[in-house]
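Report on the following structure.
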Amino acid sequence: MAPTKENIVMFPFMAQGHIIPFLALALHIERTSNYNITFVNTSLNLNKLNSSLPPNSSIRLLEIPFDSSDHGLPPHTENTDVLSYPLIIRLLHASTSLQPAFRKLIQDITCEQGGHPPLCIIADFFFGWTATVAKELGVFHAVFSGAGGYGLACYYSVWLALPHRNTESDEFELQDFKEVSKLHVTQLPLSILEADGTDSWSIFQRKNLPAWVDSNAILFNTVEEFDQIGLSYFRRKIGRPAWAIGPVLLSTENRARFGKEDSITTDLFKEWLDSKPVNSVLYVSFGSHNTIAPSQMMQLAMALEASGKNFIWVVRPPIGFDINSEFRSKEWLPEGFEERIKESGKGLLVHKWAPQVEILAHKSTGAFLSHCGWNSTLEALNHGVPLIGWAMAAEQFFNVKFLEEELGVCVEAARGKTCEIRCEEIKEKIELVMNETEKGKEIRRKACEVMEMIKNAMKDKDGLKGSSLKALDDFFQAALSMRKKTHQQ
Ligand SMILES: O=c1ccn([C@@H]2O[C@H](COP(=O)(O)OP(=O)(O)O[C@H]3O[C@H](CO)[C@@H](O)[C@H](O)[C@H]3O)[C@@H](O)[C@H]2O)c(=O)[nH]1
């Protein structure tokens, strides 16, 4: 007999930037639809997640067995936030070993439901192999991308056109994505720049990306109205529906419980921000695991001081220092920096983790100097906060290009974790965005326009749904209709 409620299985890659949008989507589906949700991950990640679920949530957390030390990783490393850059690819390779356990998990859920398989599997874009498992078991499968359409489309396209090193010109076109203006080699992440088909990243991606064609759909945490170029790329490239269902974002409540300790309490942040004028604070953060070189840190600190702006800066130990080490700021900040900003009240330094959503939602926050990871980007635009871009890795370089050239809500300040950057250049970009310049006013106006598009996409009023809510309905309809066809056969 069929169960009273259909089951959905969700499975993100083990990284904060991936788990956060998956959790936000799970909570969104729970709030707006009538499905049972099983959220799959490794034990340590589930332990952290547990505290983020509202007390009355029915989302089931299901563990998939994983021992990092079986894969040449330090014991108990189950998330990229505790890994330095070279080990991230090792975790990705290790994750492919989860295939048999995942297959068994889906079979067990099917047995539990009296032989009724889950309605669909929603899995990470790094888990292309889950599409193959789903196809084998006759379950509807969707890739869910926490990255935006344009950024991921560029990323997909450059991976398919290797190699990029030793090319004749520094600028090049994407042959299968002509809508995008030329890219410069400095806009390629290190993993792609160094890839030649035989390295670890190439070996991983050459299996992962083509497996997406086994999937039935791609869901994007983005908005159709502003991200059509990238969505169209996937529609023609993979030949599957690409649905923009976002932004799904964690509420400040879920965020507050997200298993990460803030080094300053949320009340203290609020008090500090409340004391500052509207739009006067620059928020600086490079996401959940990226960091910059010690020399860049020095220049950034000098720029923040010289700009005279109020700022909150989430500081992680720079490249070359153990990511989990104690904060020893004296080595990479100008002498007396911390004491001076404390005394003047101009800045707050946060070690490792800040309540980002609360900061971006506060009226005193006027701009965000960011690596432009897609979650950070959406969280900023959701509150009409313009960006100053400093991409570090992955598709972030393409996000900055998109935000600057297509949406006009961002100014690029620097590229990469090792580029030479002078404090004057960073200061100039901060002033361009935050001061009453023509450019600054224009960027802020456009950021507010995008905020309106986001509101409309997520609107549900008087029976009228915004584009993102409709897209999620269409996705479930597609899954249900595949279920119906399978039953009729
Ligand atoms: O002090 C902090 C730092 C981060 N965050 C949160 O952590 C998330 C960070 O996500 P994101 O901005 O997307 O950065 P990454 O963690 O770097 O995200 C990875 O995943 C993203 C989505 O796939 C990609 O766009 C990025 O390139 C990839 O690095 C956001 O929700 C932030 O609000 C905090 O709450 N406090």
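Here are some notes:
- Going through (1) near the ligand (Cβ under 10 Å from one of its atoms); (2) open to solvent by 10 Å² or more (accessible area, probe 1.4 Å); (3) assigned to a helix (DSSP H, G or I) one by one, LYS342 falls short only on (1).
Residue-wise test of (1) open to solvent by less than 20 Å² (accessible area, probe 1.4 Å); (2) out of contact with any strand residue (DSSP E or B) (no Cβ under 6 Å at 6 or more places or on another chain); (3) over 28 Å from LYS455 (Cα atoms); (4) in a loop (DSSP other than H, G, I, E, B).
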| position | (1), (2), (3), (4) |
| --- | --- |
| LEU348 | no, no, yes, no |
| ALA367 | yes, no, no, no |
| GLY384 | yes, yes, no, yes |
| VAL400 | yes, no, no, no |
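- Per the listing LEU87, LEU83, the residue uniquely within 16 Å of the ligand (Cβ to nearest atom) and free of Cβ contacts under 8 Å to residues at least 40 places away in the same chain is LEU87.
- Residue satisfying all of: in segment 120-129; more than 16 Å from the ligand (Cβ to nearest atom) and closer than 15 Å to THR38 by Cβ; surrounded by the most Cβ atoms within 10 Å (Cβ to Cβ) among these: ILE121
- The condition of being open to solvent by less than 40 Å² (accessible area, probe 1.4 Å), more than 16 Å from the ligand (Cβ to nearest atom) and either of a type outside the set (A, V, I, L, M, F, W, C) or not assigned by TED's automatic domain parsing to the domain that holds ASN36 (or both) holds for PRO117.
- Single residue of segment 112-126 satisfying the filter (part of a loop (DSSP other than H, G, I, E, B) and at pLDDT 95 or above) that is farthest from PHE476 (Cα to Cα): PHE126
- Note on segment 3-104: enclosed strands (runs of 3 or more DSSP E) holding 2 or more residues that are farther than 21 Å from VAL248 by Cα are 60-63.
- Matching option when the condition is in contact with a strand residue (DSSP E or B) (Cβ under 8 Å, 6 or more places away or on another chain), of a type in the set (Val, Ile, Thr) and within 13 Å of the ligand (Cβ to nearest atom), among ILE421, ILE388, ILE359, ILE426: ILE359
- The one condition in (1) in contact with a strand residue (DSSP E or B) (Cβ under 7 Å, 6 or more places away or on another chain); (2) more than 16 Å from the ligand (Cβ to nearest atom); (3) not in a helix (DSSP H, G or I) that LEU333 fails to fulfil: (1)
- Any hit, segment 86-95, residues being open to solvent by 40 Å² or more (accessible area, probe 1.4 Å) and at pLDDT 95 or above: yes
- Residue count for segment 299-320 under the criterion of being open to solvent by 60 Å² or more (accessible area, probe 1.4 Å), among the hydrophobic types (A, V, I, L, M, F, W, C) and modelled with pLDDT under 95: the result is 1.
- Residues satisfying the stated conditions in segment 1-33, i.e. within 22 Å of GLN99 (Cα to Cα) and away from the ligand (no atom under 16 Å from the Cβ): ASN7, ILE8, VAL9
- Helices (runs of 4 or more DSSP H) wholly inside segment 160-250 containing at least 2 residues that are within 23 Å of ARG415 (Cβ to Cβ), open to solvent by 10 Å² or more (accessible area, probe 1.4 Å) and within 16 Å of the ligand (Cβ to nearest atom): 190-193
- Qualifying residues in segment 402-418 (those that are buried (at least 24 other Cβ atoms within 10 Å of the Cβ) and within 14 Å of the ligand (Cβ to nearest atom)) - the one farthest from ALA367 (Cα to Cα): PHE402
- Contact annotation: residue pairs with Cβ atoms under 8 Å, 6 or more positions apart or on different chains, pairing a residue in segment 143-168 that is free of Cβ contacts under 8 Å to residues at least 24 places away in the same chain with a partner that is in a loop (DSSP other than H, G, I, E, B), are ALA161/LEU174; ALA161/GLN175; ALA161/ASP176.
The values are calculated or read from the model by the stated rules, or taken from the named source; none is laboratory data. None of the values given here were measured: they were computed from a predicted structure. No Cβ is skipped: glycine too gets one built from the backbone with ideal geometry, and neighbour counts run over all protein chains shown. These accessible areas exclude ligands, DNA and RNA; they are computed on the full protein's heavy atoms, side chains included. Shrake-Rupley method; radii C 1.70, N 1.55, O 1.52, S 1.80 Å.
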